[in-house]
1. When the residues of the stretch 496-514 are filtered to those that are open to solvent by less than 50 Å² (accessible area, probe 1.4 Å) and not aliphatic (A, V, I, L, M), which remaining residue is farthest from ALA590 (Cα to Cα)?
2. Quick one: count up the residues across the stretch 361-375 that are within 24 Å of the chain's Cα centre (by Cα) and open to solvent by 30 Å² or more (accessible area, probe 1.4 Å).
3. Considering only the stretch 47-73, how many residues are at pLDDT 85 or above and either hydroxyl-bearing (Ser, Thr, Tyr) or within 25 Å of HIS583 (Cα to Cα) (or both)?
4. Check ASN425, ASN432 and return the single one that is open to solvent by 10 Å² or more (accessible area, probe 1.4 Å), modelled with pLDDT under 95 and not in a helix (DSSP H, G or I).
5. Please enumerate the residues belonging to the stretch 178-190 that are touching a residue at least 12 places away in the same chain (Cβ under 8 Å), part of a helix (DSSP H, G or I) and of a type outside the set (Ser, Thr, Tyr).
6. Checking the conditions here, which among GLU356, GLU388 is farther than 25 Å from ALA125 by Cβ and of a type in the set (Asp, Glu)?
7. Quick one: what pairs do we get from the stretch 89-108, first residue in contact (Cβ under 8 Å) with a residue 60 or more places away in the chain, second among the aromatic types (Phe, Trp, Tyr) and open to solvent by 30 Å² or more (accessible area, probe 1.4 Å), C-beta under 8 Å, 6+ apart or different chains?
8. Counting only residues that are among the polar types (S, T, N, Q) and modelled with pLDDT of 70 or more, which one in the stretch 542-597 is nearest to the chain's Cα centre (by Cα)?
Amino acid sequence: MEFDEGFRSERTWRRTNTAISPVAMSQRAYLWAFVIAAFTSWSLKGMAMSVRWDPGVSKPVRDTFASVERSMGFGGGGVQTHPHGYRPMPGLHAGWIAGRRNDLSDNQWKSFRDNLPLLAIAAVATSALARAMRRAVKDAKDAGRVLVPFHVVYGAVFAFFLHGFGAIWPIGLAVAHYFVCRATAGVPTVGLLAVWASAIVMLAKVQFGADKWTFAALGSMSPLLSPLAGMDKCIFRGFMPRWWIHYNLVTLRMISFGCDLHWRRCGRESAGDEKSAKAPPDYWSLVSKPSDKVRYSLGEYLAYVTYPPLYIAGPTAAFNAFASQLRAPLTGGALERKAVVRYAAVKFAAVLLILEVWTHTIYANAMCKSRVWLWGERVGLGSYGPFEVGVLSLMVLNFMWLKFTAIWRFFRLWALASGVEAPENMLRCINNNATILGFWKGWHASYNRWLVRYIYVPLGGAKYRLLNVWVVFGFVGAWHDKIAWHLIHWAWIFALFLAPEIAAHAIGAKFYGTPEKRRSRTYVLGRAICGGAMIHVLVAGNMVGYVVGLDGLSQLGKLYMDDLGSAMKFFGITMAMMSAAAHLGFEQRAREDAAKAKAKIGAAEAEGAGTVGAGRRKGAKGGRGTAGDEAPAGDSDAGDGGR
C-alpha cells in the first residue's frame, strides 16, 4: 500500500510541476527568439568578415555585407579600403559552392576530407564482408571462433594498408603490453600499476622519438630481429606512414584491456549470463558485465586494438563490450538496417553538408589561426575589435563541434554497418551546454566514459573530486600530444574553473533543495548567469587549446583592454544571450529528467501489475507456485518456489 501511494504522489508531483502556464510559454518563446536572433546576427557577422578574404565574391556583394554589418551596430564596420579588395588568407582553398573559397586551415579536417572517398569505399566493402561473416555464425554457440580470427586478419590488413611495414611498430608494442597484462593483472596493487606504467612509458617513447625509429636499429639489437633490418627500404610505406599519430588511441585500448582483465581476475566485475538476463544486453551493460564467453585472449586483444572503424579516430570503445560482441554479436536497435541507413542520412550526411556550407561561408578558423586581428586592419581589410574577435571565437567553437561530429559519426557509422555497436561521441549541440561537466559528458562522450571508468573512479571518484579532476584533465592534455603547452594550459583552465562550478552546484543544492525553491526567480536567474559565465570559459578554453594558445589569448585580452568600452558592451550582450541560452538548456534537461522519471514509474507500475496478476493466477491454482515459475523483479521469495 505504501508502495502504491508513493508512486501516486510522485506521479501527481510530476504532472503538477511539468505543466507549463501560458505566461511561461510566452517567456520561453521570447527567450528563444532572442537567442536565435543573436546567433543569426553573429553568424552574419562571421560571413561578412569572411567575404573580405574571398576573391570569388564580387565587390558589390562585399559592400552589401559591409553595410549589413554596420547596420547591426557591431564595431569595425567592415570598411573595404584595400585597393584590390582581397588578400590571400592562409588555409583557404578553391571550393565547390557558388565559387566561394573553402576554409581548410584545420589540418585534421583537411586530411579526413581529402581521404573521405577512399575511406568510404573501404567502409562499404569491409562492412558488407563483416556483416556476411556475422550472418554465417548467427546460430553458433560461440561466434568468436570465426569472428575473432577474421577480425585479427581484418585489422592486420588494414594496419598494413595504412602504415605499410611501419604497422609492425604499434602492433609490436601492443603485443608487448599484452604479455605485461597477462603476467600482472589480478595481482593486488601491482596489477593496475603495471598496466598503466607500461602503457604510459610506451606512449611517452612513441611521442618523443618514434619518428626517428628505424628497423635497421631494431635489427641490430638482436640476431632474432635481424630480418627486420631491411624493411626501411621497402617501397610501400602505406597511405598514412606516420603511425605514431594514431598511437594515443591504441594506448587507450591497451589500458582498457589491462584494467578489464585485472578487475575480472579480482572478481570486481563478473561475466554476464545471457540465458538468465532479464533483458537483452546492450553496449553499456557489456562494459561492466561482459559475455561469459570472453577469454581475454591475444586474438581478441589484437582484433580490438586494430579494429579498422575505430582505429583512426574512435569512438573509444571498452574492451569488454567489443570482445563480447565478437563472441555473441548484438542485434536490433542501432544495428538494424533501417537504423543504420537513418543514421547515415540524418546523423552523418546532414552534418557533413552543414559543415561544407559553413567552411565555404565562414572562415573563422583560418582568420584565428593567422591571428588576423594583429594585421587585418593594417592591410585595409576592416578593423578587428572586441566584437569581431568575440564572434570569431564563437564561430570557431561551432566549427570544431561540426568537424569532430562529422569525423566521429563517420567511423561510428562504419562500425554500426559492420555489426558492432560503438558509443556516440557528440550527444548535444555545442550551443546547448552551460556547464563544464555537462559539456564534457556530451563532447567526446565515449572518451569521457573511458576517463571516468579507468581514472576517475579508481582514484576515488566523487570523494576526491577536486583533486581527481586535475589528474583527469592533466592526462587528457598530455595524452593528446607530447607535452604541448597549449593543451596543458587548456587542461589547467578547465580544471581550475571546475572548482567554482562544483561549489556553485553545492550551494544551490543546500539552499534550494526543494522543487519549490528551485522555481524561485533568484535561483533561476542565478543559475542562468552562472551558465552564461561558464559558456565564456568554454569558448576561451577551447580557443587556447586548439587554435591560438595562451599567448594568443593574452593578445586577445590586450585587444579588449585597448577598447574597454566596446569590450564591456560586447560582454554585456554575450552574457545576456548566453544566460538566456543556458536557462533554456537547463529547462530542457529538467523536461528530459521528468520524462525519464515518468518512464521509470510507468515501467515499475507495469511490473507491479504483472506481479499482482501472477499472484492471482497462482492463487487460483491453490495459492502456491512451482519452483519453475519465473519470479518477478524484486520478489525476495523467488527461491522458495514463488511463495
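The values are calculated or read from the model by the stated rules, or taken from the named source; none is laboratory data. Keep in mind it's a predicted model, so treat the numbers as computed, not measured. Here the Cβ is made from the backbone with ideal geometry for all residues, glycine too, and neighbour counts use every protein chain on show. Accessible surface areas use protein heavy atoms only, side chains included; no ligands, DNA or RNA. Shrake-Rupley method; radii C 1.70, N 1.55, O 1.52, S 1.80 Å.
1. For the stretch 496-514, the residue satisfying everything is GLU501.
2. Selection size over the stretch 361-375: 1.
3. Matching residues across the stretch 47-73 total 1.
4. ASN432
5. VAL180, CYS181, ARG182
6. Of the residues listed, the single one that is farther than 25 Å from ALA125 by Cβ and of a type in the set (Asp, Glu) is GLU388.
7. Within 8 Å, the pairs are ASN102/TRP96.
8. If we take residues in the stretch 542-597 being among the polar types (S, T, N, Q) and modelled with pLDDT of 70 or more, then ASN542 is nearest to the chain's Cα centre (by Cα).
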